[in-house]
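Single-structure report; data block below.
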Amino acid sequence: MISNASVVIIGGGIIGTSIAFNLAKLGVKDISVFEKSYISSGSTGRCGGGIRQQWTSPMNVRLAMRSVELFRRFREDIGMDIEYHEGGYLLLAYSDEEMGEFESNVKMQNQEGLSVQLVSPGEIKEKFPFMNLERVVGGTWCPSDSHANPQIANIAYAIAIKRMGVDLNTHTAVDGIDIQNGEIVGVQTDKGYVKTNTVINAAGGFSHEVGLMANMDIPTHSERHQILVTESINHVLEPMVISFKKNYYVRQTMHGSFVMGQSDKKPAQGNDLGHSVEFLEEMAPKMVHDFPFMTHLHIVRQWSGAYNISPDAQPIIDTAESISRYIFAVGFSGHGFMLAPAAGEAVAEMVVYGRSKTMDVSNLNMRRFKRQIKSEKNVV
Ligand SMILES: Cc1cc2nc3c(=O)[nH]c(=O)nc-3n(C[C@H](O)[C@H](O)[C@H](O)COP(=O)(O)OP(=O)(O)OC[C@H]3O[C@@H](n4cnc5c(N)ncnc54)[C@H](O)[C@@H]3O)c2cc1C
């Protein structure tokens, strides 16, 4: 652990390590990352690994599209295979009203430059004959949506940043941020004090608590989301499939198991990592109905993690108004893995140049919540 850091990043999840990677790439030296547990112990290591560009908010579409560009180069840039696979995403609609919403989303997404199209039940059946499409009236299909292994991606960033000279401290918790006259002077960890004038809050499910260390009331909260994995079978399902109506997402991993999840009706609040039998009881019948080949499939494991949620279900990427050089990249609302490459790039540019250059992320500031809140709708 170094005693004097140019930048301290709190959190060694996909966001913190992506920021560190991008800072190091821009030539910043003496970066410290503090992770209170092991790499990928937070939401990143618990997530579904989906990489989707089909959002209702143009900003999420742009961030996801930039991230896909960077995911495509991940192996070349970072030197590790993260099981990145462009199998597409299929979103299912069950009523004319839902199809109407999909139509206007596709229009906006096409305007943003995303190749995504409306599909009829017949077209879906032709592409994915193993699915039961009862009551499906259509859907949307984006072939460049993808998935990857989030744990490997997080670890790949961690290995890369260590190689680039970043001071990465696992099992080290930040307990306090030392501020004097509105300026950061250091952080207190459970292993000692580090001098710094720049702190980045990338604490995922603990973003609100880390905000309070700097007397900032960041409007994020954490909510438990459950997920499960089945045994593996031969490859049958190419895309990630989402039904907002039936409340599920599912994908088949590279080695053949299925990863799937839903939003609980009354999700446990906070960073509760327990799980429930109800989750299994709700998931099983709907999956067996829509994917009849899963009827005799065994569930291997279930677990949970936190969605760190902002008031409009879009990330908050901003610099504090009252504290100099306190930056936060939080509130990813269940889609932080897929946005991490672009978010890391933007935050690193904010530190080095005072603003994000590659992509303008200024409308993800915290002031937006003072205006009318327009929420991202495509969340499971
Ligand atoms: C069940 C589930 C499914 C999901 N599916 C998807 C998906 O398909 N696609 C997608 O894009 N996203 C998905 N997500 C969301 C995604 O996992 C998160 O948005 C993303 O991992 C957030 O990354 P992060 O680095 O901000 O948080 P984390 O990975 O949680 O990292 C934050 C880290 O900060 C550390 N920390 C906190 N406080 C301190 C402190 N005081 N000192 C030191 N360290 C600290 C924590 O230990 C943690 O490791 C899913 C989430 C869940 C729970």
So which aspartates and glutamates can Lys266 reach, going by Cα to Cα under 18 Å and dropping same-chain residues fewer than 8 places off?
Glu223, Glu278, Glu281, Glu282
Under the 7 Å Cα-to-Cβ spin-label approximation, Val277 and Ser232 lie apart by a distance in nanometres of 3.1
Just to compare against my own numbers: the Cα pair-distance distribution for region 48-190, 10 Å bins, whole % per bin, please.
10, 27, 25, 19, 12, 5, 0
Where labels lie 7 Å past Cα in the beta-carbon direction, separation of Lys195 and Ser362 in nm:
3.4
Can you put Trp303, Trp55 in order, fewest other beta carbons within 10 Å first?
Trp303, Trp55
Its Cα gyration tensor gives region 1-50 an equivalent ellipsoid whose semi-axes in whole Å, largest first, are 22, 13, 5
With runs of 4+ DSSP H residues as the only contributors, calculate the mean residue ellipticity of the chain at 222 nm using -39,500 (n - 2.57) per run, divided by the residue total and rounded to the nearest 500.
-8500 deg cm²/dmol
Grab the beta carbon distance between Asn110 and Lys265, set R0 = 35 Å, and tell me the FRET efficiency rounded to 0.05.
0.55
Note: Lys162 to Arg75 extended length (0.36 nm per residue) minus current alpha-carbon separation gives 29.6 nm
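Give the relative contact order (percent, whole number) for region 89-143; include only Cα pairs under 8 Å separated by 6+ residues.
Reported relative contact order: 54 percent.
To one decimal place, what orientation-averaged projected area in nm² is obtained for the convex hull of the Cα set of the chain?
With the hull built on Cα positions only, its mean projection is 17.7 nm².
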Looking only at the chain, where both bridge partners belong to it, what percent of the DSSP beta bridges are antiparallel (to the nearest 5)?
70
Lysines within cross-link reach of Lys195: Cα-Cα under 25 Å, excluding same-chain residues under 8 positions apart?
Lys25, Lys29, Lys36, Lys162
Would you mind ranking His298, His289, His275 so that the residue whose beta carbon has the fewest other beta carbons within 10 Å leads the list?
His298, His289, His275
What number, in nm² with one decimal, is the all-direction average of the projected area of the convex hull of the alpha-carbon atoms of region 149-263?
10.5
First measure r as the distance between the Cβ atoms of His289 and Ile2, then evaluate 1/(1 + (r/R0)^6) with R0 = 45 Å and state the FRET efficiency to the nearest 0.05.
0.20
Residues Val185, Val28, Val241 in order from fewest to most other beta-carbon atoms within 10 Å are Val185, Val28, Val241
How far is helix 336-353 tilted, in degrees, relative to the longest principal axis of the Cα atoms in the chain, given as a value from 0 to 90 rounded to the nearest 10?
30
How long, wide and thick is region 89-143, going by the Cα atoms along their three principal axes, in whole angstroms, largest first?
32, 24, 13
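No lab work stands behind these numbers, since they all come straight from the coordinates. This one's a predicted model, so the numbers in the text were calculated from it and none came from an experiment. Note that we place each Cβ from the backbone using ideal geometry, even for glycine, and neighbour counts take in every protein chain shown.
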